[in-house]
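The structure appears right after this line, and notes come after that.
The values are calculated or read from the model by the stated rules, or taken from the named source; none is laboratory data. Quick caveat, the model's predicted, so the values are computed rather than measured. For neighbour counting, all protein chains shown are included, and Cβ atoms are generated from backbone atoms with ideal geometry for every residue, glycine included. Please note that ligands, DNA and RNA were not included when accessible areas were found on the heavy atoms of the full protein model with its side chains. Shrake-Rupley method; radii C 1.70, N 1.55, O 1.52, S 1.80 Å.
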Amino acid sequence: MDHNELVDKITREVMARIKEQESKKQESGSSATNSGITSQELARFIDHTLLKPDAVEAQFEQLCREAIQYNFYSVCVNSGWVSYVAKKLRGTNVKVCSVIGFPLGEMETRSKAFEARNAIDHGAHELDMVISIGALKSGDLKYVENDIRAVKRACRSTTVLKVILETSMLTDQEKVIACEICKKAEVDFVKTSTGFSGGGATVADIELMRRVVGPNLGVKASGGIRDFATAVAMIRAGANRIGAGASVAIVTGATATGNY
């Protein structure tokens, strides 16, 4: 596959589509009353997230209580907290999600695979791994693919694997290439951001990612999503999962505080 030709073709198509739909973006998802989705429905798109390095046990207990109360799809935590939240959520329909290689993505591949296996063994149903951003930007696409495949091999047949691209650090061409690699590696989702690198999800990025991966892969929007309208706009753009630390504020209309 000629990556330059692929990137040029898809990027032109996507940018043309985005430009044509620019006038519709503000209208779509601009309010809870015209969004076509209820707060209860939106909750099932959300991975309720707590990834702060200084978070304490009481916060994870609250995270789990909120996930059960609002029926969020999952909780998403660092791998060291997987065992704790898995016990708190046992017997509920809330899934457990662990990040892998977080937040930089630059740990050695075998370490990512080990972290993945360990998280699964301790109760994780889903994994959100960070790609090797430096390898992608260096053009070492085989390393990026092998890195993803190593984590994929560590997964069970029922494990959902999402791959974090860190879109704020990538050009549109690099985003397209990363999505193509993820398709080739047969992951389940591509995801925008960690929320820790100065940028988050945008409607334009979600549209681009959805166009590249097609209808069969999931697209997760994460980073900077703090209210109902923004979450709905991401879904309308093509996201079928939302990662947020402000999940309760999103579904209740309260004022969001803090971040991941």
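Here are the numbers for the structure shown:
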item	result
The range 42-53 residues that are among the basic types (Lys, Arg), paired with ones that are open to solvent by 10 Å² or more (accessible area, probe 1.4 Å) and not in a loop (DSSP other than H, G, I, E, B) (beta carbon under 9 Å, 6 or more apart)	Lys52/Gln59
Residue check for Val251: within 19 Å of Ser74 (Cα to Cα), assigned to a helix (DSSP H, G or I) and open to solvent by 10 Å² or more (accessible area, probe 1.4 Å)	yes
Condition broken by Glu166, with the remaining ones in (1) touching a Lys or Arg at 6+ places or on another chain (Cβ under 7 Å); (2) crowded, with 23+ Cβ neighbours inside 10 Å; (3) over 12 Å from Asn240 (Cα atoms) satisfied	(1)
Hits in the range 118-134 (condition: out of contact with any Gly (no Cβ under 7 Å at 6 or more places or on another chain), outside any loop (DSSP other than H, G, I, E, B) and buried (at least 19 other Cβ atoms within 10 Å of the Cβ))	Ala119, Ile120, Glu126, Leu127, Asp128
Qualifying residue in the range 58-69 (condition: of a type outside the set (Asp, Glu) and assigned to a loop (DSSP other than H, G, I, E, B))	no
Residues that are within 16 Å of the chain's Cα centre (by Cα) and at pLDDT 95 or above, drawn from the range 237-260	Ala237, Gly238, Ala239, Asn240, Arg241, Ile242, Gly243, Ala244, Gly245, Ala246, Ser247
All strands (runs of 3 or more DSSP E) inside the range 151-233 with 1 or more residues being at pLDDT 95 or above and polar (S, T, N, Q)	218-222
Any chance Asp205 is open to solvent by 40 Å² or more (accessible area, probe 1.4 Å), touching a residue at least 12 places away in the same chain (Cβ under 8 Å) and of a type outside the set (Ser, Thr, Tyr)	no
Members of the range 154-174 that are under 14 Å from the mean Cα position of the chain (by Cα) and of a type in the set (D, E, K, R)	Lys162, Glu166
Selection count where residues are in a helix (DSSP H, G or I) and touching a strand residue (DSSP E or B) at 6+ places or on another chain (Cβ under 7 Å), scope the range 99-117	3
Qualifying residue in the range 177-184 (condition: surrounded by fewer than 22 Cβ atoms within 10 Å (Cβ to Cβ), within 16 Å of Ile131 (Cα to Cα) and over 16 Å from the mean Cα position of the chain (by Cα))	yes
